[in-house]
1. Can you tell which of Thr64, Thr25 is over 25 Å from Asp102 (Cβ atoms) and among the hydroxyl-bearing types (Ser, Thr, Tyr)?
2. Please determine whether any residue of segment 73-92 is touching a helix residue (DSSP H, G or I) at 6+ places or on another chain (Cβ under 8 Å) and of a type in the set (D, E, K, R).
3. Got a number for residues in segment 2-16 being outside any helix (DSSP H, G or I) and either in contact with a His (Cβ under 8 Å, 6 or more places away or on another chain) or touching a residue at least 60 places away in the same chain (Cβ under 8 Å) (or both)?
4. Within segment 11-34, restricting attention to residues that are of a type in the set (D, E, K, R) and over 14 Å from the mean Cα position of the chain (by Cα), which residue is surrounded by the most Cβ atoms within 10 Å (Cβ to Cβ)?
5. Being within 19 Å of Arg28 (Cα to Cα) and surrounded by fewer than 14 Cβ atoms within 10 Å (Cβ to Cβ) is the filter; apply it to segment 74-93 and report the residue that is nearest to the chain's Cα centre (by Cα).
6. Given Leu96, Leu57, Leu106, which one is at pLDDT 95 or above, under 11 Å from the mean Cα position of the chain (by Cα) and crowded, with 20+ Cβ neighbours inside 10 Å?
7. Go through (1) surrounded by 14 or more Cβ atoms within 10 Å (Cβ to Cβ); (2) closer than 23 Å to Ile14 by Cα; (3) touching a strand residue (DSSP E or B) at 6+ places or on another chain (Cβ under 8 Å); (4) at pLDDT below 95 for Asp37 and report which single condition fails.
Amino acid sequence: MGKIKADKAREERITNEIVVDAYDTEERIMGWQTYLDNALKFPFEAKCIKEITISPLKKGEKATVLEIADMDLYVNNMFVIIKWQDRQLGVPLEQLLPINSDEETLEAVKDWHYWVEQGYQF
């Protein structure tokens, strides 16, 4: 059972567009990576909406999202490469929310947030 109320439109998009025909972990990762790579318009500004132990970002800090990280970084999260304090590093996408981005970018990030909040895994 998910942690948040089910969203029928997001469920359909995830099932019918993102992880369609994905039968294992690697295929689900590839589905998400392809979807996000096509939907996110890089670079975009984002702010940290929650702190995560493996990331140096603190809630409220802003960063520039440059690209999707290589697939070999994924365990149960999608990572993006950000520019932050004059350096580049990978952070979990779940901790970022686009600001002043286009609708498609915002929608795609919210789709990922939904996946995570529902407790879904690759």
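The values are calculated or read from the model by the stated rules, or taken from the named source; none is laboratory data. Nothing here was measured: the structure is a model prediction, and the numbers come from that model. Note that we place each Cβ from the backbone using ideal geometry, even for glycine, and neighbour counts take in every protein chain shown.
1. Just one listed residue meets the conditions, Thr25.
2. Filtering segment 73-92 down to residues touching a helix residue (DSSP H, G or I) at 6+ places or on another chain (Cβ under 8 Å) leaves 74, 77-80, 90.
Then keep just the ones that are of a type in the set (D, E, K, R); that gives none.
Checked against the condition, which is being touching a helix residue (DSSP H, G or I) at 6+ places or on another chain (Cβ under 8 Å) and of a type in the set (D, E, K, R), segment 73-92 yields no hits at all.
3. From segment 2-16, those outside any helix (DSSP H, G or I) are 2-7; that's our starting set.
Right, trim to either in contact with a His (Cβ under 8 Å, 6 or more places away or on another chain) or touching a residue at least 60 places away in the same chain (Cβ under 8 Å) (or both) and you get 2-4, 6-7.
Going through segment 2-16 one residue at a time, the tally reaches 5.
4. If we take residues in segment 11-34 being of a type in the set (D, E, K, R) and over 14 Å from the mean Cα position of the chain (by Cα), then Arg13 is surrounded by the most Cβ atoms within 10 Å (Cβ to Cβ).
5. Out of the qualifying residues, it is Asn76.
6. Leu96
7. Among (1) surrounded by 14 or more Cβ atoms within 10 Å (Cβ to Cβ); (2) closer than 23 Å to Ile14 by Cα; (3) touching a strand residue (DSSP E or B) at 6+ places or on another chain (Cβ under 8 Å); (4) at pLDDT below 95, the lone unmet condition for Asp37 is (1).
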